[in-house]
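Participant: I have a structure I would like to understand better, so I am pasting it below and will then ask my questions one at a time.
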Amino acid sequence: IETGCLSIIVLGASGDLAKKKTFPALFNLYRQGFLQSNEVHIFGYARTNISDEELRDRIRGYLPGGKERTEDVSNFLQLIKYVSGSYDAPEGFQALDKAISGHELSKNSMDGTSRRLFYLALPPSVYPPVCKMIKNYAMNKYDLGGWTRIVVEKPFGKDLASAEQLSSQIGELFEEPQIYRIDHYLGKELVQNLLVLRFANRFFLPLWNRDNIANVQIVFREDFGTEGRGGYFDQYGIIRDIIQNHLLQVLCLVAMEKPVSMKPEHIRDEKVKVLQSVVPIKDDEVVLGQYEGYKDDPTVPDNSNTPTFASVILHIHNERWEGVPFILKAGKALISRKAEIRVQFKDVPGDIFKCQKQGRNEFVIRLQPSEAIYMKLTSELDLSYNQRYQGVVIPEAYERLILDTIKGDQQHFVRRDELKAAWEIFTPLLHRIDDGEIKSLPYKPRSRGPAEADVLLEKAGYVQTHGY
Ligand code: BG6
């Protein structure tokens, strides 16, 4: 990390995202020594009128070990100052700027090394006014160097048109290299390892194509429902919440061609090509579900058709993947919590063992829980991270991504054209769902989802294998 004054400004500091994700991630970075220089300062900003101490008290309980009030916790909390103000009026941002400049001046860093990272832990509806306020009143003004970076998180709009509108509103204020769109799945350990796995291993290079691979599944399951956030979720549904972003990003890494280099722009160029090669989704390759009891939430309308489960088959029209279905499946209130990539290989030609009875070769990357990579041959090869790398702490996705932002590495962030291409894939389908043209089928909580999804999977050529 460069030296010089660094100010991390968390906007929406008293909200849920900040308390549960942003501050704990900052604390972990601090504990690992990344934020310990006396030139680092953290500012919380929100509308509530509270003191520094009150904000610290609100955060404390969410930090690992925070309740024990360890020295680490107190030292970290001392780095945090609070400024209150509205999200669309100059006064608050002028006060924020004054506080940040005060910190920069006290560290004698008027040599131009002012670095300001604005983390918008806020609903996207306020991104445009907040970005405008930052640009006008609170960004790094010194011409001598340093930077201003903005971190934002989904939902980036509800469809292609609204996402593009949001992108251009922010794009008028900040350059693309200043905008860090978080998709926290890109910060997960095994997602980060995918390119190395694919492109640095001779095993996979010749096999990773339509000649050998029968189908790919990218699956996300949660064993809890939308508890407490039904009202929010109902406006989005599982496709916008999980599939259009997290699973599609994983698909890109599984399917993309080898980039020219590991430079962020080269990687993102290849991801965009995959997205642009996805053919329009057909209604008979979609199964939607809604778990029974979802509508008991008083904030969910009684006639809601919002899917809490979806299985969607995508086809990539290019030389490598023509004819290989990619099944993206996500659901809430299912039997277990799991996220994994399953690459199923074709049957062995001229099989003399009738292997099909034993199941096909399958290569599985389990993103969570208990990260693992395993191969189902006619027996199993298993690399479970917690056995192989005992005692090694795998950093949280948010920690990695915040550190990348400080370093200015955009590899694991979503570029504007990627976002656009992702919305292009799903928008027609989402509009048909919003118009009630495709119905969500009921399923029992803690089940595998609607049985129709298994039929779809079979139709895509997936052959059930044994074990695991
Ligand atoms: C979020 C979704 O992006 O990801 C949530 O909005 C979901 O609905 C969460 O629960 C899952 O993240 P993880 O890291 O627990 O798999």
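The values are calculated or read from the model by the stated rules, or taken from the named source; none is laboratory data. From a predicted model like this one, the values you see are computed outputs, not experimental measurements. Cβ atoms come from the backbone with ideal geometry, glycine included; neighbour counts cover every protein chain shown. Ligands, DNA and RNA are excluded from the accessible area calculation, which covers all protein heavy atoms including side chains. Shrake-Rupley method; radii C 1.70, N 1.55, O 1.52, S 1.80 Å.
Participant: In this structure, is Pro124 closer than 30 Å to Ile433 by Cα, open to solvent by 20 Å² or more (accessible area, probe 1.4 Å), of a type outside the set (D, E, K, R) and touching a residue at least 24 places away in the same chain (Cβ under 8 Å)? Explain how you work it out, then say what you get.
Facilitator: Numbers: closer than 30 Å to Ile433 by Cα: yes; open to solvent by 20 Å² or more (accessible area, probe 1.4 Å): yes; of a type outside the set (D, E, K, R): yes; touching a residue at least 24 places away in the same chain (Cβ under 8 Å): yes.
Yes: the conditions hold for Pro124.
Participant: I've got another one for you. Only one of these is modelled with pLDDT of 95 or more, in a strand (DSSP E or B) and surrounded by fewer than 20 Cβ atoms within 10 Å (Cβ to Cβ): Pro428, Pro442. Name it. Outline the logic, then answer.
Facilitator: Working: Pro428 fails: in a strand (DSSP E or B).
Of the residues listed, the single one that is modelled with pLDDT of 95 or more, in a strand (DSSP E or B) and surrounded by fewer than 20 Cβ atoms within 10 Å (Cβ to Cβ) is Pro442.
Participant: Looking only at the range 2-38, count how many residues are closer than 17 Å to Glu104 by Cβ and out of contact with any Asp or Glu (no Cβ under 9 Å at 6 or more places or on another chain).
Facilitator: Here is the first cut: in the range 2-38, the ones closer than 17 Å to Glu104 by Cβ are 2-9, 35, 37-38.
With out of contact with any Asp or Glu (no Cβ under 9 Å at 6 or more places or on another chain) added as a condition, the list becomes 2, 8-9, 35, 37-38.
Final tally of qualifying residues: 6.
Participant: Among the residues of the range 53-68, what is the count of those that are acidic (Asp, Glu) and within 13 Å of Thr22 (Cα to Cα)?
Facilitator: As a first pass, look at the range 53-68 and keep what is acidic (Asp, Glu): 53-54, 57, 68.
Next cut, within 13 Å of Thr22 (Cα to Cα) only: none.
Selection size over the range 53-68: 0.
Participant: Still on this structure: For the range 172-189, name all the residues that are more than 12 Å from the ligand (Cβ to nearest atom) and either open to solvent by less than 10 Å² (accessible area, probe 1.4 Å) or closer than 19 Å to Lys21 by Cα (or both). Break it down stepwise before answering.
Facilitator: If we filter the range 172-189 for residues that are more than 12 Å from the ligand (Cβ to nearest atom), which is where we start, we get 172-181.
Answer for the range 172-189, where residues must be more than 12 Å from the ligand (Cβ to nearest atom) and either open to solvent by less than 10 Å² (accessible area, probe 1.4 Å) or closer than 19 Å to Lys21 by Cα (or both): Phe174, Ile179, Tyr180, Arg181.
Participant: Ok, one more. Got at least one residue in the range 300-308 being within 21 Å of Asn215 (Cβ to Cβ) and within 16 Å of the ligand (Cβ to nearest atom)?
Facilitator: Here is the first cut: in the range 300-308, the residues within 21 Å of Asn215 (Cβ to Cβ) are none.
Within the range 300-308, not a single residue is within 21 Å of Asn215 (Cβ to Cβ) and within 16 Å of the ligand (Cβ to nearest atom).
Participant: Next up: Where in the range 83-186 are there strands (runs of 3 or more DSSP E), lying fully within it, with 1 or more residues that are modelled with pLDDT under 95 and under 22 Å from the mean Cα position of the chain (by Cα)?
Facilitator: Details: elements: 115-120, 147-153, 179-182.
Those strands (runs of 3 or more DSSP E) span 147-153.
Participant: Another question about this same structure. Could you run through the range 365-376 and say how many residues are part of a strand (DSSP E or B) and either surrounded by fewer than 20 Cβ atoms within 10 Å (Cβ to Cβ) or within 16 Å of the ligand (Cβ to nearest atom) (or both)?
Facilitator: Applying the first criterion (part of a strand (DSSP E or B)) to the range 365-376 yields 365-368, 372-376.
From what is left, the residues that are either surrounded by fewer than 20 Cβ atoms within 10 Å (Cβ to Cβ) or within 16 Å of the ligand (Cβ to nearest atom) (or both) are 365-368, 372-375.
Total meeting the criteria: 8.
Participant: To continue, here is another question. Filtering the range 381-416 down to residues that are open to solvent by 60 Å² or more (accessible area, probe 1.4 Å) and outside any loop (DSSP other than H, G, I, E, B), which residue is modelled with the highest pLDDT?
Facilitator: Start the filter on the range 381-416 by keeping residues that are open to solvent by 60 Å² or more (accessible area, probe 1.4 Å), which leaves 381-382, 386-393, 396, 407, 416.
If we keep only those that are outside any loop (DSSP other than H, G, I, E, B) as well, we get 381-382, 386-388, 407, 416.
Values: Leu381: 75, Asp382: 76, Asn386: 78, Gln387: 77, Arg388: 78, Lys407: 94, Arg416: 97.
By that ranking, first place goes to Arg416.
Participant: Which numbered condition trips up Val260, out of (1) in contact with a Lys or Arg (Cβ under 9 Å, 6 or more places away or on another chain); (2) farther than 26 Å from Pro428 by Cα?
Facilitator: Every condition holds for Val260 apart from (1).
Participant: Does any residue of the range 315-327 turn out to be free of Cβ contacts under 8 Å to residues at least 40 places away in the same chain, surrounded by 14 or more Cβ atoms within 10 Å (Cβ to Cβ) and more than 16 Å from the ligand (Cβ to nearest atom)?
Facilitator: Within the range 315-327, one or more residues are free of Cβ contacts under 8 Å to residues at least 40 places away in the same chain, surrounded by 14 or more Cβ atoms within 10 Å (Cβ to Cβ) and more than 16 Å from the ligand (Cβ to nearest atom).
Participant: Right, another one. Is it fair to say Ile238 is within 16 Å of the ligand (Cβ to nearest atom), of a type outside the set (Gly, Ala, Ser), modelled with pLDDT of 95 or more and assigned to a helix (DSSP H, G or I)?
Facilitator: On the way: within 16 Å of the ligand (Cβ to nearest atom): yes; of a type outside the set (Gly, Ala, Ser): yes; modelled with pLDDT of 95 or more: yes; assigned to a helix (DSSP H, G or I): yes.
Judged against the criteria, Ile238 is a match.
Participant: So how many residues does the range 281-296 have that are touching a residue at least 60 places away in the same chain (Cβ under 8 Å), open to solvent by 30 Å² or more (accessible area, probe 1.4 Å) and farther than 18 Å from Lys459 by Cβ? Show your work before the answer.
Facilitator: Residues of the range 281-296 touching a residue at least 60 places away in the same chain (Cβ under 8 Å): 281, 283, 285-294.
Keeping just the survivors that are open to solvent by 30 Å² or more (accessible area, probe 1.4 Å) gives 283, 292-293.
The next check asks that each one be farther than 18 Å from Lys459 by Cβ; those that pass are 292-293.
The total comes to 2.
Participant: Count, please, the residues in the range 264-280 that happen to be open to solvent by 20 Å² or more (accessible area, probe 1.4 Å), out of contact with any strand residue (DSSP E or B) (no Cβ under 9 Å at 6 or more places or on another chain) and of a type outside the set (Asp, Glu).
Facilitator: Counting residues in the range 264-280 that are open to solvent by 20 Å² or more (accessible area, probe 1.4 Å), out of contact with any strand residue (DSSP E or B) (no Cβ under 9 Å at 6 or more places or on another chain) and of a type outside the set (Asp, Glu) gives 4.
Participant: Which one of these does Tyr62 not meet: (1) under 26 Å from Pro177 (Cα atoms); (2) within 16 Å of the ligand (Cβ to nearest atom); (3) open to solvent by 40 Å² or more (accessible area, probe 1.4 Å)?
Facilitator: (1)
Participant: In the range 198-235, what count of residues is obtained for those that are open to solvent by less than 20 Å² (accessible area, probe 1.4 Å), of a type in the set (Phe, Trp, Tyr) and within 11 Å of the ligand (Cβ to nearest atom)?
Facilitator: Here the count works out to 2.
Participant: Are there any pairs with C-beta distances below 6 angstrom linking a residue in the range 338-351 that is assigned to a loop (DSSP other than H, G, I, E, B) to a residue that is buried (at least 17 other Cβ atoms within 10 Å of the Cβ), with the two at least 6 apart or on different chains, and if so which?
Facilitator: Lys346/Ala214
Participant: Quick one: count up the residues across the range 241-291 that are over 25 Å from Gly323 (Cβ atoms), within 16 Å of the ligand (Cβ to nearest atom) and either part of a helix (DSSP H, G or I) or of a type in the set (Val, Ile, Thr) (or both).
Facilitator: Total satisfying the criteria: 4.
Participant: Next question, about the same structure. With respect to Ala453, is the statement that it is within 16 Å of the ligand (Cβ to nearest atom) and touching a residue at least 24 places away in the same chain (Cβ under 8 Å) true?
Facilitator: Values: within 16 Å of the ligand (Cβ to nearest atom): no; touching a residue at least 24 places away in the same chain (Cβ under 8 Å): yes.
No: the conditions fail for Ala453.
Participant: Of the conditions (1) farther than 21 Å from Gly187 by Cβ; (2) touching a residue at least 24 places away in the same chain (Cβ under 8 Å), Leu377 satisfies every one except a single condition; which number is it?
Facilitator: Single failed check for Leu377: (2).
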